[in-house]
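Report on one structure; see the data block that follows.
The values are calculated or read from the model by the stated rules, or taken from the named source; none is laboratory data. Remember, it's a predicted structure, so these values are computed and weren't measured experimentally. Positions of Cβ are backbone-derived with ideal geometry, glycine not excepted, and every protein chain shown enters the neighbour counts. For the accessible areas, the whole protein counts, side chains as well, though only heavy atoms, and no ligand, DNA or RNA atoms are used. Shrake-Rupley method; radii C 1.70, N 1.55, O 1.52, S 1.80 Å.
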Amino acid sequence: MSFDRSLKIAPSILSADFADFGREIQAIEAQGADWVHVDVMDGHFVPNLTFGPPAVKAFRKHVKTVMDVHLMIAPVDPYIEAYAEAGADILTAHVEAGPHIHRTLQAIRGAGMKAGVALNPGTPAEAVAHVLDLADLVCVMTVNPGFGGQKFIDMTGKVRTLRSMIGDRPVHIEIDGGVDPVTAPLVAEAGADVLVAGSAVFKGGSVDAPEVYGANMRAIREAVRG
Ligand code: DX5
Ligand code: ZN
C-alpha cells in the first residue's frame, strides 16, 4: 500500500445486505471503490453490534483493494492479533476507547497492520497530537458512531487543524459519517483524502443493480472535483 493523498472512496459495508457480504464487496469494488470500510461494533463502546474477527476474515477473501477495519469496541488491545489474522490492512481504534492509545497504535503496527486513530465528534484534534508519528490514518467522525444513515456533523474546522498538524507526515485523513455529494466537498477541501460512505453509496442499488453503486460513487467524486 503506497501512500498518496488522492481522493479515495471507502464504502461502508454496514449499509450492504448482511446476508450477501461477499457479492456486495465484489460489486462495490467492480464499481470503483478504492477501499472497503468494515465497521466493527461491540454493543458497549457504541450502542450497536455488528460482527467480529471470523466474519472479517470471511470478508477478506473478497476484498482485492484495501480492507479498512474501523473498531468501535472497548477494549481494543486483546483483539488486535485476531484482526491481523483476519487480514485487516488498516486497523483503526478510537482514542476514546481506552487510556493507552499510544500503546494500542504501537501494537497495531507491531502486528503488521497500518494503524488508524479515530476521533468522536466531541474529541478535539489535539487528542492525537502526540501519536501522529505512530499513525497512518486519522479518522474524523462526522456522526456519533454506532449507526449508518445519520446526519453529517460539520467537523471541517477539526479537519483543517489536523491537516496542518500532520504536515508532511504520510498520514491519511479519513471522514466517517454522513458523507454524500453535498458534504464531501466540504471535508475534501479542508484536507481529507479518504471518504467513508455507507448509505450514500448503497442507496438505490443492489448486487443485481450494482451500476447504481458506481453512479453513487461517481456523484461523490464529481461533487468534490467541482
Ligand atoms: C458509523 C460508522 C460509519 C457508517 C457510515 O458508526 O462508523 O462507517 O457506516 O454510514 P453513513 O455513510 O450512512 O453515515
Ligand atoms: Zn466506520
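Points to keep in mind about this one:
- Flag for ILE80 being buried (at least 18 other Cβ atoms within 10 Å of the Cβ), within 14 Å of ligand 2 (Cβ to nearest atom) and β-branched (Val, Ile, Thr): no
- The residue of the range 10-42 that is nearest to ALA93 (Cα to Cα), among those that are open to solvent by 50 Å² or more (accessible area, probe 1.4 Å) and of a type outside the set (D, E, K, R), is PHE18.
Residue-by-condition table, conditions (1) in contact (Cβ under 8 Å) with a residue 60 or more places away in the chain; (2) within 30 Å of ALA30 (Cβ to Cβ); (3) of a type outside the set (A, V, I, L, M):
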site: ASP77; (1), (2), (3): no, no, yes
site: ALA84; (1), (2), (3): no, yes, no
site: GLY98; (1), (2), (3): no, no, yes
site: THR123; (1), (2), (3): no, no, yes
site: GLU126; (1), (2), (3): no, no, yes
site: LEU134; (1), (2), (3): no, no, no
site: VAL138; (1), (2), (3): no, yes, no
